[in-house]
Amino acid sequence: MSSRHMVTERRTFSIAAAQSSQLNKAYQTLLSPLLRAEYILAKQGIYEDENEKLEDPEFITEIMDIRQEIEDASDDETLTRLSKKNKEKIDLTIGQVSQLIQDRNWKAAKTASTRLKYLLGIDKAAEKKIHHY
Amino acid sequence: MYRATLLKSFASPTKTLRIGARLYHEKVISHYEQPRNVGSLPKTDIDVGTGLVGAPACGDVMKLQIRVNEKGIISDVKFKTFGCGSAIASSSYMTERVKGLTLDEAGKIKNTEIAKELALPPVKLHCSMLAEDAIRSAIRDYRSKRSKLPETQSNAGFINVTQNTTTGETVTSSNLPSTS
């Protein structure tokens with residue numbers, strides 16, 4: 001094979017790789033309500049700032065308490081109950097996020113999406129522990 | 001030959017990823033695997049300050065509590081962090097660092113010091129920032145608690161006097177003006 005042909009093949013390959021990766025990312029975004037919300041908010045110029053601080057003591061305490069309950073839970077039943085309760089909160093918050101986005105209330109949508117992120121973190125921690133037993 | 005280079009260039013990211021697992025500095029791992037001073041202090045205690053902070057970007061929450069003795073020195077510290085290894089290590093390191101310091105000294109600790117000490121990579125810098133925010137928030141909480149005390153002096157003996165004033169209103173008048 002000529003080296004020119006190889007160069008073309010290489011280029012095609014990298015284009016295909018890039019497209020496939022983009023498609024994967026798009027699909028993952030569409031699958032996740034949180035990523036979808038973050039994408040829409042980013043389109044409005046509202047980005048997730050790495051150095052942003054959360055200073056709502058009430059909310060942090062709520063998250064802290066649930067995380068602590070999950071950590072302290074020693075049986076499957078308690079964990080399932082906590083996880084179920086949290087999943088209800090997640091559904092409720094997803095509803096709020098979509099409503100706020102529909103209303104183009106970006107600031108409140110951002111706050112709700114942050115809340116969703118934390119609740120999903122709780123869900124992940126609970127699931128991880130349930131599967132650990 | 002070209003095919004070989006092509007394969008190689010695609011294989012390299014996996015290699016970096018694998019090495020990536022070991023990118024954490026051993027001090028981070030030590031603080032992560034054996035965090036120092038994990039736990040809680042009674043947050044209603046008058047000599048306890050509670051700092052509560054969160055980093056929305058990674059979904060971390062951190063609670064850092066200090067107990068301050070009558071000399072204004074941090075005598076006890078406890079923390080609880082739900083988050084990544086770097087956030088846990090940063091707060092664990094912070095508790096060791098502030099014990100025995102005055103509030104002013106503790107409030108001056110910069111996140112860059114933690115980041116340097118734990119050799120945090122740039123993407124984890126915000127974890128050390130969270131620890132800095134946490135100690136400041138705890139100091140602020142302690143000070144605001146203190147400022148709400150009806151006494152200008154913060155001796156333990158004087159607190160008892162305050163408790164008496166609520167029952168016997170005659171004594172109150174002498175103390176009240178200094179409150180405002």
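Structural remarks
- Ranked from largest, the principal axis spans of the Cα set of segment A:15-92 equal 50, 31, 22 Å.
- Average accessible area per residue (Å²) across segment A:2-41 - probe 1.4 Å, nucleic acids and ligands excluded: 79 Å²
- With R₀ fixed at 30 Å, the C-beta to C-beta distance from A:LYS43 to A:LYS85 puts the FRET efficiency at about 0.35.
- Taking A:THR78, A:THR12, A:THR93 in turn, the Gaussian network model of chain A (Cα-Cα springs below 10 Å) assigns the largest fluctuation to A:THR12.
- Think of each Lys and Arg Cβ as +1 and each Asp and Glu Cβ as -1; about the Cα centre, that makes the dipole of segment A:51-132 roughly 460 debye.
- Debye equation applied to the C-alpha atoms of chain A, log10 I(q)/I(0) at 0.18 Å⁻¹: -1.05
- Based on C-alpha pairs under 8 angstrom that are at least 6 apart in sequence, segment B:24-147 has a relative contact order of 32 percent.
- Residues along segment A:1-21 losing 20 Å² or more of accessible surface when the other protein chains are present rather than the chain by itself (probe 1.4 Å): A:SER3, A:MET6, A:GLU9, A:ARG10, A:PHE13
- Across segment B:123-128, rounded Karplus estimates of 3J(HN,Hα) from the backbone phi angles (6.51 cos²θ - 1.76 cosθ + 1.60, θ = phi - 60°) give 5, 10, 4, 5, 5, 5 Hz, Gly and Pro being marked x.
- Computed from the alpha carbon atoms alone, the convex hull of segment B:32-98 holds 76 Å³ per residue.
- Projecting the Cα atoms of B:GLY72, B:LEU118, B:GLY107 onto the dipole axis of segment B:24-147, where Lys and Arg carry +1 and Asp and Glu carry -1 at the beta carbon, places B:GLY72 farthest toward the positive end.
- For segment B:24-147, the Kirkwood radius over C-alpha pairs fed into Stokes-Einstein at 25 °C and 0.890 mPa s yields D = 175 µm² per second.
- Taking chain A and dividing mean pair separation by its residue count, relative contact order in percent (alpha carbons under 8 Å, at least six apart): 27 percent
- 1.4 Å probe, heavy atoms, protein only - residues of segment B:29-64 losing at least 30 Å² accessible area vs chain alone: B:LEU52, B:GLY54, B:PRO56, B:ALA57, B:GLY59, B:VAL61
- Extension gain, A:LYS129 back to A:LEU35 (0.36 nm per residue minus Cα-Cα distance, nm): 31.4 nm
- Summed side-chain charge close to A:LEU35 - residues other than A:LEU35 whose Cβ falls under 13 Å, Lys, Arg +1, Asp, Glu -1: +2
- Separation of alpha-carbon centers, segment A:95-133 and segment B:95-111, rounded to whole Å: 34 Å
- Where only DSSP H runs of four or more residues are counted, chain A gives -29000 deg cm²/dmol as its mean residue ellipticity at 222 nm, each run worth -39500 (n - 2.57).
- Formal net charge of residues neighbouring A:LEU100 (Cβ-Cβ distance under 12 Å; K, R +1; D, E -1): +3
The values are calculated or read from the model by the stated rules, or taken from the named source; none is laboratory data. Keep in mind that this is a model prediction, so the values were computed, not measured. Cβ: placed from backbone, ideal geometry, glycine included. Neighbour counts: every protein chain shown. We work out accessible area using only protein heavy atoms, side chains counted, and drop any ligands, DNA or RNA first. Shrake-Rupley method; radii C 1.70, N 1.55, O 1.52, S 1.80 Å.
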